[in-house]
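Worksheet for the structure shown next.
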Amino acid sequence: MPPDNPPRLTPGLGRRLYALTALPTLLSTPSDALLIILNRTTRMLSYGASSLILALFFSSLKLTDSQIGLFMTLTLLGDVVLSLLLTLIADRLGRRRTLLVGAGMMICSGIVFATCENYWILLAAAVVGVISATGGDFGPFRAIEESMVSELTDQETRAEVLGWYVAMSSAGSCVGTAVAGRVVQWLVEGKGWEGRRAYHGVFWGYVVMGVVNVVGVLGMGGRCELGGNRDGRSGREGNGKGVRGEVQVLEPEADATRGETEPLLPAAGEGAGPSGVVGQREEEEDEPKQTKGWFNVEISRSTLSVMLILWALLMVDCVADGMVSMSLTTYYMDRKFHVPKSTLGDFLSVAYFLAALSSVFAGPMARHIGLVNTMVFTHIPSSAAVLFFPWPKNVTAAFALLLVRVGLNNMDQAPRAALIAAAVRPEERTAVMGITGTLRTLASTMGPSITGVLADGGRFWVAFVVAGALRLTYDLGVFVMFINIKLHRHEEVEEEEQEQVVRERGDDEEEDGVERRRE
């Protein structure tokens, strides 16, 4: 007979697993953060769909390989420029307004691709609009959204919420790729549509996802704006109109290098002052203060001292990723093992599912072992899998390494975004994250050319060895340079300022009470 009081292991285990997924943190997060995650998921769904059919669509238009290659390159460069420009003005224009601009451009580009077949019109729509040629989020959205999530969370919950932000984007890409393939097949075989007409139908889905993004942004509140989640601190308002024009200079920190700041892009007429700092100039005592220009983004020296190192390491990592991108990896496996395309697609779907699943646990892991440790110790196995990828002689071992590489590859993204948010001032986050994304994208474009040279010389396998070594260099560099970094200094200063304001208000109220009693 079973015991009268059996041990209740399952509920406790279930609660622990529930906590490890960071769902409690996600569900207690402001609804604005959930809308941001929803927007990213639907957007990545459309990006995954477009990346699957884009080359096929151009092939149905009888375009040459050189024309397709030119399209991919110019589209990527257009996304980089658009992303940089919009992230530099996002805090002044307003983050929600900037996202609305991006979503509107996404809708316009989708409409052009759904109705037009002229190559040059399509190219213009992709360069000046928002079309993902590779399935990656290279537009203006990611940096702004990560900055908004950082505004809505605190240092305890930020990495966990960002982990869900990354996980749901991976899930969206997987669903988009799978759905687009099945929709095209159903329209061609079931409905008898011509191939290009079926591709147009998928681009109408791209337009719908753009509309969903517009609705999501309209549902967000003022807390998403710079300073919107801090009750009146720093004199900024989360009103959706960006930073007020009268906010001029970043306040110095006690431990910063005298609090000096450098404009990233100096305004016209500003040069080097007597101290030699770019953009610093002497002002006459009676000279009125001037409002900063749209692109005159100031980044403090303390931030630059951190970010210059991290940018250099991230560019090394992105060159490596570009050398062994997933398209090049699948091409290598096809040449080496002659795997059926259906089998290759199934394994990639499993790998992407593992990537989404592992990203959920990145936040709780960062809470227990730290942001830097999570970034490094989850990325090292992925890097080692790249390094040893050419060695297996059978497809099973190669797929096992592929699962390790892809399954763990995204676990450093949420901790990295949380690290940047914790290391820079809140008013610098959007610009810094935008610059980070731009540099990473530019670095990744260098990799395929290196691999192409190696492959033409019969040394395709060398690309994986070099890429794995570069990735490990990035991992060790991050650990050595940032393991002892002091984080959240700016947030601690703001919390102290807020506590001081509360104390002063309390003192004022007490004095008013005394005066009333005297009367």
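The values are calculated or read from the model by the stated rules, or taken from the named source; none is laboratory data. Only a predicted model underlies this, so the values are computations on that prediction, with no experimental measurement involved. With ideal geometry, Cβ positions are generated from the backbone for all residues, glycine too; neighbour counts draw on all protein chains shown.
For this structure, a couple of remarks:
- Restricting attention to segment 414-463, the residues that are surrounded by 21 or more Cβ atoms within 10 Å (Cβ to Cβ) and acidic (Asp, Glu) add up to 2.
- Complete set of residues in segment 14-41 that are polar (S, T, N, Q), crowded, with 16+ Cβ neighbours inside 10 Å and assigned to a helix (DSSP H, G or I): Thr25, Asn39, Thr41
- For segment 353-371, the tally of residues that are farther than 11 Å from Leu408 by Cβ, of a type outside the set (A, V, I, L, M, F, W, C) and surrounded by 22 or more Cβ atoms within 10 Å (Cβ to Cβ) stands at 1.
- Tabulated pairs, segment 388-400, first in the same structural domain as Phe337 (by TED's automatic domain parsing) and without any contact (Cβ under 8 Å) to a residue 40 or more places away in the chain, second crowded, with 17+ Cβ neighbours inside 10 Å and outside any loop (DSSP other than H, G, I, E, B), C-beta under 7 angstrom, 6+ apart or interchain: Pro392/Ala398; Pro392/Leu401
- Count of residues meeting criterion [in contact (Cβ under 8 Å) with a residue 60 or more places away in the chain and either closer than 11 Å to Ala49 by Cα or of a type in the set (Val, Ile, Thr) (or both)] in segment 184-200: 2
- Lone unmet requirement of (1) under 22 Å from Leu487 (Cα atoms); (2) in contact (Cβ under 8 Å) with a residue 40 or more places away in the chain; (3) of a type in the set (A, V, I, L, M, F, W, C); (4) out of contact with any helix residue (DSSP H, G or I) (no Cβ under 6 Å at 6 or more places or on another chain) for Ala384: (1)
A quick yes/no check of all residues on (1) among the hydrophobic types (A, V, I, L, M, F, W, C); (2) assigned to a helix (DSSP H, G or I); (3) surrounded by fewer than 21 Cβ atoms within 10 Å (Cβ to Cβ):
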| position | (1), (2), (3) |
| --- | --- |
| Arg43 | no, yes, no |
| Tyr47 | no, yes, no |
| Gln67 | no, yes, yes |
| Leu70 | yes, yes, yes |
| Phe113 | yes, yes, no |
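- Residue in segment 156-175 that is surrounded by fewer than 23 Cβ atoms within 10 Å (Cβ to Cβ) and more than 19 Å from Ser46 (Cα to Cα) present: yes
- Put simply, of Tyr165, Tyr199 the only residue that is outside the structural domain of Ser359 (by TED's automatic domain parsing), touching a Phe, Trp or Tyr at 6+ places or on another chain (Cβ under 6 Å) and at pLDDT 85 or above is Tyr199.
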